[in-house]
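Read the structure below first, then the notes.
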Amino acid sequence: MGQVPTGAWQVATLAESARLLAERGESAQAEAVYREILAAAPHHLPALNFLATQAIRRGDHAEAIAHLEQALRAAPDRAVSHQNLAVAHKAAGDNERALAGLGRAAELDPDLRTTHLHTGSLLEEMGRKDEAVAAYWRAWLQFPAPELLANPSIAPPHLRALCLHAAEQIKSAQQELIEQALEPVYARHGRGALARVDASARIYLGLQAPAHLHHLQKPSFLYLPGVPPRPFFERGELPWLRGLEETAGEIKAELQALLEDSADALAPYVQLTEDAVTPVWQGLNRSKQWSSFHLLRGGVANTDNCSRCPATAHILSTLPLPEIPGHAPEAFFSVLQPGTHIPPHHGVGNYKLVAHLPLVVPDGCALRVGDEIRGWREGECLVFDDSFEHEAWNRSDSTRAVLIFDAWNPVVTEAEREGVTALLAAIASFRERHTAAP
């Protein structure tokens, strides 16, 4: 191994000393050491960045820019250096150069979340509010949970302050869209009829804490407060299910033909990216142990799949399913292989229910919702609120298959159904509007 030059050892020792001084808040001493480092190593990036930051704090923008331009000469494709130079240009009042620099940083590293925060702050100062919110939203999607921002190990105080400001701007923009979406519903039904929907919106925005009425109920997306917590509902509470049950034979025949002719048509129900999969779903991720064949997804019919099961598709079209663009109705065959266990999880909201039409049910299959366990009986719908913790299993040696679809919770009034639909549409509109790439 070749010997490291003495000068490199000296620079490394000085750099460690400067870092420790900066951590202790002894900025003047750290600055002196970093200047000594630059005399020996003119392209030392930590020294250049620290000295630039100190220069910005003193209002010496020219010195800051000089240091950061030197850093870019050393590493022209380093995204954080482009970001830091942009921050210096912003401090100097050159917003256009700052915006260009932040854009270059985002090109080089789209996941550099601080770039999106600085871009949002700059656009907000320039009066470009909508673009600012989009940048804040991109940053917010990458940052950890808001409550963790108070931890100094995650972000320094000035960055945490910018995160919290971004959160307020996002919340304000979402609230504005939600109020606009609900206005025509208020006009038709009056605000009093939508009190629970208003509370749901406040909970979603973080303006009100949810008061769940059951310890095992925790919707993953939207909670409608005041709805009595019931894990299971009886079939008679949704009278239209009787007509569906009378067609169970036709639906089962189409499913069996599908499985016999083209089992490959079924896809794994859980399909998460590697960075999104959690330990609880690791075993089922991209596995056909639990597979599905979607006829309706997010309110949109899969025309190819519907053409392969025309009777089922027609029957579904006659049912009073929730119509929420981007969310509902959902309808699919769910196939659970022998020995498969779907782990405990929560559904998106308590404003709707999930109904199962059992088609193939061997012994040893069951569903737990909240504190209650029920089995399936072929041809008889099983209806439950999936915002409760629930799990299912197939402990038999053959396949279990059910048709799954959404239904409105019968406790939710017509006015509230309109309100929830408008609320969810507003949330989707915000995401579509602000999630596009810059």
Considering only residues that are part of a loop (DSSP other than H, G, I, E, B) and of a type in the set (Val, Ile, Thr), look in the stretch 348-367 and name the one that is most open to solvent (accessible area, probe 1.4 Å). Val348
Please state which of the following conditions Arg242 fails to meet, knowing it meets all the rest: (1) under 26 Å from Leu424 (Cβ atoms); (2) more than 21 Å from the chain's Cα centre (by Cα); (3) among the basic types (Lys, Arg). (1)
In the set Pro219, Pro228, Pro210, which member is closer than 27 Å to Ile373 by Cβ and exposed (fewer than 14 other Cβ atoms within 10 Å of the Cβ)? Pro228
Given the options Arg78, Arg97, name the one that is under 20 Å from Arg19 (Cβ atoms), within 34 Å of the chain's Cα centre (by Cα) and modelled with pLDDT of 90 or more. Arg78
Matching residues in the stretch 391-408 - criterion: being within 30 Å of Arg191 (Cβ to Cβ) and not in a strand (DSSP E or B): none
Neighbours by Cβ (under 8 Å, 6+ apart or cross-chain): first from the stretch 370-390, more than 20 Å from Pro219 (Cα to Cα); second small (Gly, Ala, Ser) and buried (at least 17 other Cβ atoms within 10 Å of the Cβ): Glu378/Ala248; Gly379/Ala248; Cys381/Ala355
So which residues in the stretch 409-438 are surrounded by 20 or more Cβ atoms within 10 Å (Cβ to Cβ) and not in a helix (DSSP H, G or I)? Asn409, Val412
Given the conditions (1) at pLDDT below 95; (2) more than 20 Å from Gln54 (Cα to Cα); (3) out of contact with any Ser or Thr (no Cβ under 6 Å at 6 or more places or on another chain), every one holds for Glu69 apart from (2)
Determine, yes or no, whether Ala331 is within 18 Å of Trp290 (Cα to Cα) and within 31 Å of the chain's Cα centre (by Cα). yes
Cβ-Cβ below 7 Å, separation at least six or inter-chain, first residue in the stretch 73-85 and surrounded by 24 or more Cβ atoms within 10 Å (Cβ to Cβ), second assigned to a loop (DSSP other than H, G, I, E, B): which pairs? Ser81/Ala75; Gln83/Leu112
Which numbered condition trips up Lys352, out of (1) at pLDDT 95 or above; (2) basic (Lys, Arg); (3) more than 30 Å from Pro228 (Cα to Cα)? (3)
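Report whether or not Glu250 is of a type in the set (Asp, Glu), assigned to a loop (DSSP other than H, G, I, E, B) and at negative phi.
It is false that Glu250 is of a type in the set (Asp, Glu), assigned to a loop (DSSP other than H, G, I, E, B) and at negative phi.
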How many residues, within the stretch 262-304, are more than 22 Å from the chain's Cα centre (by Cα) and among the β-branched types (Val, Ile, Thr)? 1
Anything in the stretch 301-321 that is open to solvent by 40 Å² or more (accessible area, probe 1.4 Å) and either of a type in the set (D, E, K, R) or over 25 Å from Pro239 (Cα atoms) (or both)? List them, or say none. Asn302, Thr303, Asp304, Ser307, Arg308
Within the stretch 44-58, can you find the residues that are touching a residue at least 24 places away in the same chain (Cβ under 8 Å), open to solvent by 40 Å² or more (accessible area, probe 1.4 Å) and over 13 Å from Ser81 (Cβ atoms)? Ile56
If we ask which residues in the stretch 368-381 are outside any loop (DSSP other than H, G, I, E, B) and either modelled with pLDDT under 95 or surrounded by fewer than 20 Cβ atoms within 10 Å (Cβ to Cβ) (or both), their number turns out to be 6
Taking the criterion of being free of Cβ contacts under 8 Å to residues at least 40 places away in the same chain, farther than 14 Å from Ile404 by Cα and not in a loop (DSSP other than H, G, I, E, B), would at least one residue in the stretch 318-325 satisfy it? no
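Residue by residue through the stretch 263-298, note down the ones that are of a type in the set (Val, Ile, Thr) and either open to solvent by less than 70 Å² (accessible area, probe 1.4 Å) or part of a helix (DSSP H, G or I) (or both). Break it down stepwise before answering.
Residues of the stretch 263-298 of a type in the set (Val, Ile, Thr): 270, 273, 277-278, 280.
Within the stretch 263-298, Val270, Val277, Thr278, Val280 qualify.
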Any residue in the stretch 191-208 that's closer than 14 Å to Tyr351 by Cα: show its pairings with residues that are assigned to a helix (DSSP H, G or I) and open to solvent by 20 Å² or more (accessible area, probe 1.4 Å) at Cβ separation under 7 Å, as long as the two are six or more apart or on different chains. Leu194/Tyr186
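The values are calculated or read from the model by the stated rules, or taken from the named source; none is laboratory data. Since the structure is predicted, the reported quantities are computational estimates derived from the model, not experimental observations. Glycine gets a Cβ as well: all are built from the backbone with ideal geometry, and neighbour counts include every protein chain shown. The protein model used for the area step is the full one, side chains on, heavy atoms only, and it has no ligands, DNA or RNA in it. Shrake-Rupley method; radii C 1.70, N 1.55, O 1.52, S 1.80 Å.
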